[in-house]
Amino acid sequence: MKSNYLTPTQLAKALGISRQAVVERIQKGSIAATKVGQQYIIERKAFSSMKTEGRSVEGTLKRMERSKNTKERVLKIVRDNKINTIQLWFVDILGILKCVVITERELKEALDHGKGFDGSSVTGFAEAEESDIIAMPDASTFQVLPWEGSTIPVARLFCDILNPDKTPYPGDARWVLKRVLQRAKKLGFTFYIGPELEYFYFKNDHSTEVLDEGTYFELIPNDIADVMRNKTVDTLEHMGIPMETGHHEVAPSQHEIDLKYDEALISADNIITSKYCIKEVARSNNSYATFMPKPMFGVNGSGMHVHQSLFRGDRNAFYDKNDKHHLSLTAKQFIAGQLKHAREFCSLTAQWVNSYKRLVSGYEAPVYVSWAQKNRTALIRVPLYRPGNEKATRAEIRCPDPSCNPYLAFAVLLAAGLEGIEKKYKVPEAIEPNIYKMEMSEREHRGLVALPGNLFEAIEETEKSRLVKEVLGEHIFTRFLINKKKEWEDYRIQVTSHEIRRYLPVL
């Protein structure tokens, strides 16, 4: 699966220094190496735990290997390591992970021609009369799943979904994102995403019995949740998915893992992998991890704040040293585009009935369409600039939650931002005061508009949206709305325990 040794060139790339610098350190004795002929080789394990610029060297090496993945290399890795279980991953239009399992014997055929399956039972995919579609593995996403204690090696590949004639299938959420990314590329931009995944650990999947009563950043002795979170971070790093931070969140038994920023498609794949890994590590420790946005009343819900930036080559297109916010005109127009369309795409970033139990005042979740630098009640926050760190200039949008489909969410976010740039939208004034504490008259004076208050209101806004329909395409747009309307109707007719407690004794 990986070589136990590195060349000076490989180590130089992982450390972010020149090859000559590595050779000089070898010659000075600060890096141990063995000379084989005219070439130095370096033991990989000596650097696996080292970090550079916040990333583990091992994670960087994994990413380098992934970028070299081809059909031939994948076949060789599988053959050399006797991997006979390969999972083909994709998501439905709601972002729920699906899987087709094949063996080594079928892998070459799948890499060459894809794996056909019946899409009529996958949410938002084909109708019964047009059900034959193809899962085409993306060789660059090949990864061995490092589950602890597993005696049978298992690998996975993300797939693009195709029609029988090999054209992109219109129900494939991954293709929706790819399409908008191609549009950004034509404008000279690469879209980067850094997601913050919040979630809860509970004792099982049928109650909200917490594992701890911890608070923000709290370190609890002998805490199984802390052990699970750290194990998850270590596992993801081993898979080449680098982390920024991990910590306890505000609510009891609530935790957060922040993924290192990356290109949007890679970040979306990484979110799907990370959520699966978080749940798998919890399961192996007889616990349950959930990304339900608001599983408990009276405490903070779980969001997925999305840090966004556009780059032109190696230059951050959001940065301007002469602006008081250090924001370029491009960044301001991008933010203005997202503010303009926020109500329209809200059903994609907060896609469940339960999502709107989180988007309420008082729990650090956005309620009104606004932007700011210091104000965490705003929809979009621009973190303060740190001198010398121009590449970190970004816009953090705070309405998404981790249960959304990241491919569709990132697609509509990017499209809204690009429209702002193309049509030169003007960003409104930043709102720095705490919006929750404002009088209604002040909010009206400032022209603040609220996000949808529930899924039904969000669906109505999406249904009227030209932008969202263009981004999703007719197939997903229609099926997504049908699914969400049914979800709302199922919810609307329920008689809840709250109603029983509130009304039964008095009516």
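The values are calculated or read from the model by the stated rules, or taken from the named source; none is laboratory data. As the structure is a prediction and not an experimental result, all values here were calculated from the model. Cβ atoms come from the backbone with ideal geometry, glycine included; neighbour counts cover every protein chain shown.
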**Request:** Mind listing whichever residues of the range 358-393 are farther than 28 Å from VAL299 by Cα and in contact with a strand residue (DSSP E or B) (Cβ under 7 Å, 6 or more places away or on another chain)?
**Result:** GLU390, LYS391, THR393
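Taking the conditions exactly as written (crowded, with 24+ Cβ neighbours inside 10 Å and over 30 Å from ILE482 (Cα atoms)), does PHE318 satisfy them or not? Walk me through how you get there before you give the answer.
Details: crowded, with 24+ Cβ neighbours inside 10 Å: yes; over 30 Å from ILE482 (Cα atoms): yes.
So PHE318 fits the description; yes.
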**Prompt:** Which of (1) part of a helix (DSSP H, G or I); (2) modelled with pLDDT of 95 or more is the odd one out, the single condition ASP401 does not satisfy?
**Reply:** (1)
**Request:** Evaluate the following for LYS231: is it surrounded by 15 or more Cβ atoms within 10 Å (Cβ to Cβ), basic (Lys, Arg) and assigned to a helix (DSSP H, G or I)?
**Result:** yes
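Is it true that ARG66 is modelled with pLDDT under 90 and either surrounded by 14 or more Cβ atoms within 10 Å (Cβ to Cβ) or in a helix (DSSP H, G or I) (or both)?
Working: modelled with pLDDT under 90: yes; either surrounded by 14 or more Cβ atoms within 10 Å (Cβ to Cβ) or in a helix (DSSP H, G or I) (or both): yes.
It is true that ARG66 is modelled with pLDDT under 90 and either surrounded by 14 or more Cβ atoms within 10 Å (Cβ to Cβ) or in a helix (DSSP H, G or I) (or both).
When residues of the range 154-185 are filtered for being farther than 17 Å from LEU413 by Cα and of a type in the set (Lys, Arg), how many remain? So that I can check it myself, show each step before the final result.
Residues of the range 154-185 that are farther than 17 Å from LEU413 by Cα, as a first pass: 154-172.
Next cut, of a type in the set (Lys, Arg) only: 156, 166.
Summing the residues that are farther than 17 Å from LEU413 by Cα and of a type in the set (Lys, Arg) in the range 154-185 gives 2.
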**Complete:** Taking the range 186-218 and keeping only residues that are surrounded by fewer than 22 Cβ atoms within 10 Å (Cβ to Cβ), of a type in the set (A, V, I, L, M) and outside any strand (DSSP E or B), one is left with LEU187
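Among residues belonging to the range 95-114 that are of a type in the set (A, V, I, L, M, F, W, C) and touching a helix residue (DSSP H, G or I) at 6+ places or on another chain (Cβ under 7 Å), point out the one that is surrounded by the most Cβ atoms within 10 Å (Cβ to Cβ).
Among those that are of a type in the set (A, V, I, L, M, F, W, C) and touching a helix residue (DSSP H, G or I) at 6+ places or on another chain (Cβ under 7 Å), it is LEU107.
Which of the following residues is under 23 Å from GLY95 (Cβ atoms) and in contact with a Phe, Trp or Tyr (Cβ under 7 Å, 6 or more places away or on another chain): TYR276, TYR288? Show your work before the answer.
On the way: TYR276 fails: in contact with a Phe, Trp or Tyr (Cβ under 7 Å, 6 or more places away or on another chain).
Just a single option satisfies the conditions, and that option is TYR288.
Quick one: which of LEU451, LEU418 is within 21 Å of LEU310 (Cβ to Cβ) and either free of Cβ contacts under 8 Å to residues at least 40 places away in the same chain or out of contact with any Pro (no Cβ under 6 Å at 6 or more places or on another chain) (or both)? Break it down into steps so the answer makes sense when it comes.
Details: LEU451 fails: within 21 Å of LEU310 (Cβ to Cβ).
Going through LEU451, LEU418 in turn, the sole match is LEU418.
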**Asked** If we only count helices (runs of 4 or more DSSP H) wholly inside the range 439-505, which ones have 1 or more residues that are polar (S, T, N, Q) and over 32 Å from the mean Cα position of the chain (by Cα)?
**Response** 440-445, 497-503
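Quick one: in the range 422-438, of everything that is in a helix (DSSP H, G or I) and of a type in the set (D, E, K, R), which residue is surrounded by the most Cβ atoms within 10 Å (Cβ to Cβ)? If you could, list the steps in order and put the result at the bottom.
Kept after step one, since they are in a helix (DSSP H, G or I), are these residues of the range 422-438: 422, 435-437.
Right, trim to of a type in the set (D, E, K, R) and you get 422, 437.
Working: GLU422: 12, LYS437: 10.
In this case the residue turns out to be GLU422.
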**Request:** Sort out which residues of the range 323-380 are acidic (Asp, Glu) and either crowded, with 24+ Cβ neighbours inside 10 Å or at pLDDT 95 or above (or both), and write them in order of number.
**Result:** GLU344
